[in-house]
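The values are calculated or read from the model by the stated rules, or taken from the named source; none is laboratory data. Quick caveat, the model's predicted, so the values are computed rather than measured. Counting neighbours? That spans all protein chains shown, and the Cβs are built from the backbone with ideal geometry, glycine included.
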Amino acid sequence: MIQIPVYKPSLLGNEAKYVNECLSSTWISSKGDYIGKFEYSFGEYVSVRYSVAVCNGTVALHLALLALGIGPGDEVIVPSLTYIASVNAIAYCGGTPVFADCQLGTWQIDPDQIEKKITHKTKAIVAVHLYGHPCDMARISQIAKSHALFLVEDCAEAIGTRIGNQHVGLWSDISTYSFFGNKTITTGEGGMVCTMDARLHDRIRRLKGQGLASHRQYWHDMIGYNYRMTNICAAIGLAQLERIDDIIAKKRQLSTYYVSNLYNLPIEFQTEAPGTTHSFWMNSILLSDERDREPLMAHLLNAGIETRPVFYPVHTMQMYAERFQRLPNTESISARGINLPSWPDLSEVELGQICSAIRTYYTDKP
């Protein structure tokens, strides 16, 4: 029986109060005060001009690429070490994902790899801030500008992540966020699309709402989608956002505990680059020997502790593996990485049980 899950949301604020207010008002679908409040407050938190709430993080990526005009024949450079949604959204538009390797220390997409992958068909770059660490956005945005490419930041795992004092998502044409149940803040299901560009904002908002024209009721002037967030989800999101600083602080404390209590073992951690703030959506370890991963995960599960493997390389999955290629850093990290329990309300007793079980594995290992 799992006693310590890999993740569960922290719902200790005004979530129930705000949801009950939605129920009392009867505004439970895609209209209601909480949608605008959540969009405004989220934009204030990340310091972006326009925020559009949507029903999940995957459609946020789809809308971003649609708004930029990605279509058949367009190549989009994307990391292979990412959740599948970052790549599937490119395919939804008819574009072709071009996979780039990652850096060993931070696990983020390698800017040198991006430059090598650019061709005359390249239209955009999707930079994914994996597990809450930022990509090298100064370098990546310079590459995008010098080659006249669109740039999208997938910030699904990076709420609270900063480069210097600036929140991620501000180096690109469009940034996207996810509020799934296991994200740093949650709406149950939900996402956000952010931009500083008024024209892109207008296009995103109409695309998410069935292509509805702004000047005429029930008149549609483009093919759109039903990608709207509900008022209930936005109410939960607003309550979560009120506690974001406390949640991020607790997640960083988890990282400090893991690093301090798993020393002298054949493992390493995702490096926090100088001048950055890692939000530690997931606390992850990298084993020296990939042969230890499955036995260690099984050992932890027997102790009631749930873990999960680091994302599998998307370039090795059947639907994206037509052209055989090697991305050695991605493949190495994927084969050796484990996500440890990372929810903010983990107690010190539970953290001690996790670290003790990991140490016991290596002590008892033949």
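Data overview
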{"read-out": "Whichever residue in the stretch 36-67 is assigned to a helix (DSSP H, G or I) and hydroxyl-bearing (Ser, Thr, Tyr) and, among such residues, is surrounded by the most Cβ atoms within 10 Å (Cβ to Cβ)", "value": "THR58"}
{"read-out": "Residue match in the stretch 75-92 (condition: over 30 Å from SER332 (Cβ atoms) and touching a residue at least 12 places away in the same chain (Cβ under 8 Å))", "value": "no"}
{"read-out": "Candidate set: the stretch 237-251, residues that are among the hydrophobic types (A, V, I, L, M, F, W, C) and under 9 Å from ILE185 (Cα atoms); chosen: the one surrounded by the fewest Cβ atoms within 10 Å (Cβ to Cβ)", "value": "ILE244"}
{"read-out": "Number of positions in the stretch 83-116 that are within 16 Å of ALA60 (Cα to Cα), in contact with a Phe, Trp or Tyr (Cβ under 9 Å, 6 or more places away or on another chain) and assigned to a loop (DSSP other than H, G, I, E, B)", "value": "2"}
{"read-out": "Some residue of the stretch 298-309 being in contact with a Lys or Arg (Cβ under 8 Å, 6 or more places away or on another chain), closer than 26 Å to TRP343 by Cα and in contact (Cβ under 8 Å) with a residue 12 or more places away in the chain", "value": "yes"}
{"read-out": "Flag if ILE267 is in contact with a helix residue (DSSP H, G or I) (Cβ under 9 Å, 6 or more places away or on another chain) and either closer than 17 Å to TRP343 by Cα or without any contact (Cβ under 8 Å) to a residue 12 or more places away in the chain (or both)", "value": "no"}
{"read-out": "Residue match in the stretch 215-232 (condition: surrounded by 24 or more Cβ atoms within 10 Å (Cβ to Cβ) and outside any loop (DSSP other than H, G, I, E, B))", "value": "yes"}
{"read-out": "Test: residue in the stretch 57-76 that is acidic (Asp, Glu), over 20 Å from the mean Cα position of the chain (by Cα) and farther than 30 Å from ALA235 by Cα", "value": "yes"}
{"read-out": "Any chance SER29 is crowded, with 16+ Cβ neighbours inside 10 Å, part of a loop (DSSP other than H, G, I, E, B) and either assigned by TED's automatic domain parsing to the domain that holds ARG205 or at pLDDT 95 or above (or both)", "value": "no"}
{"read-out": "Filter result (at pLDDT 95 or above and small (Gly, Ala, Ser)) within the stretch 74-113", "value": "SER80, ALA85, SER86, ALA89, ALA91, GLY94, GLY95, ALA100"}
